[in-house]
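Engineer: To start, I am sharing the structure in question, which I have written as structure tokens.
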Amino acid sequence: MKHISLKGSWVIKAPIDQVFNIMTDFEKWPLYFPKVAESLKVIKREGNYLEMDAAVKSFGQKFPVKMKYQIIPGRGYISDNESPKFGTSGHEELLMEETEEGTRINYIYEVDIHNKWLRVIAKPLIGWFSMKFWQKAVIDELRKRFER
């Protein structure tokens, strides 16, 4: 399997502007979300467009990732990233909307797997495990921060 589509939707009981501020403060992600982000450094910024070098954590290892983000004010972000060491590239969208309960986060991650060995185990490993891990490492951390 060369391409995997991941999707999730969660509600955080907090105002959208507060959730937006955390989710787009990328250089503080290692502080906010230490299970997924080792480091993020903005290397280029032009308005709402950013390029970053990151070290992310996944499957018990750290991987360098190049990221290009477009911040959508008040809504979230869209990004494209590449991880040659892990053998993947992807398109990610994290878009938020206000609800009566707080803020709904709608998340989509389209992953292309270039590493042949990873393709063999990609669906269960990336498809199921990655979303469960992302929910625990990011969404649950947001809930701890806002829903005390």
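Please treat every number below as a calculation from the coordinates, not as lab data. Here the structure is a predicted model, which is why all the values come from computation and not from measurement. Cβ sites come from the backbone with ideal geometry, for glycine too, and all protein chains shown count toward neighbours.
Engineer: Checking the table LYS41/LYS62; LYS13/LYS144; LYS85/LYS144 against a 22 Å threshold on Cα-Cα, which pairs fail?
Structural biologist: From the list (LYS41/LYS62; LYS13/LYS144; LYS85/LYS144), the Cα-Cα distance tops 22 Å for LYS85/LYS144.
Engineer: Could you work out the equivalent-ellipsoid semi-axes for the stretch 1-87, taking the square root of 5 times each eigenvalue of the Cα gyration tensor, largest first, in whole Å?
Structural biologist: After scaling each eigenvalue by five and taking roots: 21, 17, 14 Å.
Engineer: Moving on. Calculate, in nm to one decimal, what SER5 and ASP140 gain on full extension: separation in residues at 0.36 nm each, minus their alpha carbon distance.
Structural biologist: This chain segment gains 46.4 nm when fully extended.
Engineer: Same structure, new question: How large is the dipole of the chain about the Cα centre if only Lys and Arg carry +1 and Asp and Glu carry -1, each at its Cβ, rounded to the nearest 20 debye?
Structural biologist: 680 debye
Engineer: With springs only between Cα atoms under 10 Å, which of GLY90, GLY47, GLY74 fluctuates most in a Gaussian network model of the chain?
Structural biologist: Of GLY90, GLY47, GLY74, the Gaussian network model singles out GLY47 as fluctuating most.
Engineer: Here's a follow-up. Compute a Gaussian network model of the chain, connecting alpha carbons closer than 10 Å, and tell me which residue from ARG104, ARG45, ARG75 fluctuates the most.
Structural biologist: Fluctuation is largest for ARG45.
Engineer: Could you check which residue among GLN61, GLN135, GLN70 shows the biggest mean-square fluctuation in a GNM of the chain with a 10 Å Cα cutoff?
Structural biologist: Looking only at GLN61, GLN135, GLN70, the largest GNM fluctuation is found for GLN61.
Engineer: Out of all Cα-Cα pairs in the chain, roughly what percent, to the nearest whole number, are more than 22 Å apart?
Structural biologist: Across the chain, Cα pairs with separations above 22 Å total 37 percent.
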